[in-house]
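Trainee: I am attaching a structure below and will ask some questions about it afterwards.
No value in this document is a laboratory result; all are computed from the given coordinates. Since the model is a prediction, treat every value here as computed from it, not as a measurement. As a convention, Cβ positions derive from the backbone with ideal geometry for all residues, glycine included, and neighbour counts pool all protein chains shown.
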Amino acid sequence: MSGNPTQLVLLGSGAREHALATKLRQDGATVHVLPGNAGIPGSVPHISATDFPAIRNFCQEQGAKLIVVGPEAPLAAGVADYFLNSDIRVFGPRRQAATLESSKVWSKDFMRRHGIATARAWSYRSDQFSEAHAQAEELNGQVVVKYDGLAAGKGVYVCNSVAEAGHALAELRDLHEGWFSFLLEEKLSGPEVSLIGITDGREIKLLAPAQDHKQLLAGDEGPNTGGMGAYCPVPFLDDNWLAAIRTDIIDPTLRGLQAEPFGFTGFLYFGVMLTPQGPKLLEYNVRLGDPEAEVILPALESSLLDLITAALDGNLAQSMVCQRPGAFVGLVLASGGYPAAQFPTGFRIHGLGEQGAGTQIFMGGVKAGETPGELLTAGGRVAVLVSQGPDLPTAVQLAYAEAGRVYFQDKYVRSDIGQRPTPQLETSAY
Ligand code: AMP
Ligand code: GLY
């Protein structure tokens, strides 16, 4: 392929895609976001991210030869398979490889087949609840119950007692009809990190390690959300831990991907827990994390477009990944009431475009207002505001000051993003 493709199509509609579009434009591409949202320039709202014939027509009209995929849904629906024998390249794995994210049972089997460090687990079908109960009792209720499929954030129950495990299993049985599978895992403890790489299935180039904040409330309390904020890099993830993650998780994953009958080109996300027994893989995602992407991409100095092109060409080994210095903190500006099923939206957002140097804002759950340029809230996670600083505390301070200048009714921002106490990690314990 000669040079970089200049026209590219990006699939998705959230703040992660706004961050991706911003970075890819800085790298020199013309980016069309399908469907995007009212806050992302270059959005094409009438084409959905899973309408493959419409996406193909749009690519042909624009002369776009590259599709970059933000969310999981188009990958699970087979976008990479759809364009396989065409002159349009998709940066994202094929449907079968996307099962690494969409099926927890399949993904755990992959981890076991390839000797990847992970929690012990038992898989059951929906007619085996009594066996699952017995196993949960044997582990004194210190288990995690995981529904095997996409469950809109309701699929994972972290339990502290036999009674809690019983409730989790009962809820699972009540929520889902017909045949399904689920996992029971031993509960591990330790801080979690998100490591995301760009891979062609053989080489992987890691981007900055990040930490998400999944719970709604400060102190990691309250219900799980799609993420309330993130930061990168992670100061306590030292070279020893990184080397152990490479040896115990990433290298065997790459060997596994080569041994299986499917390839993998795209972003690969490792959700890792740093336990006293070493790093353990909790999950794969086959895409960039959200809100991790919103801090990782501004932190990336190298051209993302070049890295993506190198992965598609099979030239990743020669690529370098350079990070910008300092720390990056992303705060999710959420609608009050999120993550409940319903909460008020439609409020005008003030203070956009007034961010100072070192701060960017990526728009997610928004829609156009009546006057040109006006944006209204339209979802739970409205925007992600990202600030850079020479160190984490300075970046945190700047981000909160800037977030205070963006206003909409019922705005909620979790108060302790990037401020967890430094964990005491015993790197010599394993
Ligand atoms: P998952 O979707 O599998 O990553 O699980 C969602 C969240 O549940 C993780 O980010 C962890 O906070 C928690 N979790 C998952 N598996 C375990 C485990 N084996 N032990 C402790 N916590 C877990
Ligand atoms: N931030 C976690 C995820 O994107 O799944």
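Trainee: Give me the net charge of Glu221's neighbourhood, meaning all other residues with Cβ under 13 Å from the Cβ of Glu221; Lys, Arg count +1, Asp, Glu -1.
Mentor: Charge balance near Glu221 sits at +1.
Trainee: Turning to a different aspect of this structure: How big is the dipole moment of region 189-283 about its Cα centre under a simple scheme where the beta carbon of each Lys and Arg is +1, that of each Asp and Glu is -1, and everything else is neutral? Debye, nearest 20, please.
Mentor: 160
Trainee: Moving on to the next point. Per DSSP H run of at least 4 residues, take -39500 (n - 2.57); add these up for the chain, divide by its residues and hand me the 222 nm value, nearest 500 deg cm²/dmol.
Mentor: Working: 13 runs with 119 residues, N = 430.
Mean residue ellipticity at 222 nm (helix-derived): -8000 deg cm²/dmol.
Trainee: Starting from the Cα of Glu301, move 7 Å in the Cα-to-Cβ direction to define the label point; list residues of region 311-342 whose amide nitrogen is under 13 Å from there.
Mentor: Counting backbone N atoms under 13 Å from the label point, the list is 320-327.
Trainee: How big is the charge dipole of the chain about its Cα centre, in debye rounded to the nearest 20, if each Lys and Arg gets +1 on its Cβ and each Asp and Glu gets -1 on its Cβ?
Mentor: Using Cβ point charges on Lys, Arg, Asp and Glu, the chain gives about 540 debye.
Trainee: Right, something else. Based on the alpha-carbon gyration tensor of region 158-205, what equivalent-ellipsoid semi-axes (square roots of 5 times the eigenvalues) come out, in whole Å, largest first?
Mentor: 33, 18, 8
Trainee: Okay, next question. Set the Förster distance to 30 Å, then compute FRET efficiency between Gln277 and Arg95 from the Cβ-Cβ distance, nearest 0.05.
Mentor: 0.30
Trainee: Let me check I have the definition right: for region 94-183, take the eigenvalues of the Cα gyration tensor, multiply each by 5, take square roots. What are those semi-axes in whole Å, largest first?
Mentor: Computed over region 94-183, the values are 22, 16, 11 Å.
Trainee: Considering only the other residues whose Cβ falls under 12 Å of the Cβ of Gln142, what net charge follows from Lys and Arg at +1 and Asp and Glu at -1?
Mentor: Neighbour charge sum, excluding Gln142 itself: -3.
Trainee: For region 309-425, just the Cα set please: Rg and Dmax, both in angstrom.
Mentor: Answer for region 309-425, Rg first and Dmax second: 17.5, 53 Å.
Trainee: Compare Ala121, Ala403, Ala334 in a GNM of the chain, Cα atoms joined below 10 Å, and give the one with the largest fluctuation.
Mentor: So, out of Ala121, Ala403, Ala334, the one fluctuating most is Ala121.
Trainee: Once region 122-277 is represented by equal point scatterers at the alpha-carbon sites, with solvent omitted, what log10 I(q)/I(0) does the Debye formula produce at q = 0.12, 0.15, 0.18 Å⁻¹?
Mentor: Relative scattering, expressed as log10 I(q)/I(0), comes to -0.67, -1.01, -1.24.
Trainee: Determine, for region 40-183, the count of lysine pairs separated by eight or more sequence positions (or lying on different chains) whose alpha-carbon distance falls under 15 Å.
Mentor: Taking the Cα cut-off of 15 Å, the pair count is 4.
Trainee: Give the Rg/Rh ratio for the chain, taking Rg as the radius of gyration of the Cα atoms and Rh as the Kirkwood radius, to two decimals. Before the final figure, lay out each step's value.
Mentor: Working: Rg = 21.2 Å, Rh = 22.3 Å.
In the chain, Rg relative to Rh is 0.95.
Trainee: In the Gaussian network model of the chain, springs joining C-alpha atoms below 10 Å, which of Pro291, Pro261, Pro339 carries the largest mean-square fluctuation?
Mentor: Among Pro291, Pro261, Pro339, the largest GNM mean-square fluctuation belongs to Pro261.
Trainee: Also, quick follow-up: Rounded to two decimals, what ratio of Rg to Rh does region 246-299 give with C-alpha atoms and a Kirkwood Rh?
Mentor: Values: Rg = 12.8 Å, Rh = 12.6 Å.
Result: Rg/Rh = 1.01.
Trainee: Starting from the amide H of Glu283, placed 1.01 Å from N in the peptide plane, find each other amide H under 5 Å away whose residue is 5 or more places distant or on another chain.
Mentor: Gly271
Trainee: Write down the percent of antiparallel bridges among all DSSP beta bridges whose residues are both part of the chain, to the nearest 5. Could you put the intermediate results ahead of the total?
Mentor: Values: 61 of 76 bridges.
Given both bridge residues lie in the chain, the antiparallel proportion sits at roughly 80 percent.
Trainee: Using a 10 angstrom cutoff on alpha carbons, build the Gaussian network for the chain and name the most mobile of Met320, Met273, Met111.
Mentor: Met320
Trainee: Give the long-range amide H neighbours of Gln419: residues separated by 5 or more places, or on another chain, with amide H under 5 Å away, using H modelled in the peptide plane at 1.01 Å from N.
Mentor: Amide H to amide H, under 5 Å and 5 or more residues apart or across chains, Gln419 pairs with nothing.
Trainee: Rank Gly141, Tyr407, Ile249 by how far each Cα sits towards the positive end of the charge dipole of the chain (+1 on Lys, Arg Cβ; -1 on Asp, Glu Cβ) and give me just the farthest.
Mentor: Tyr407
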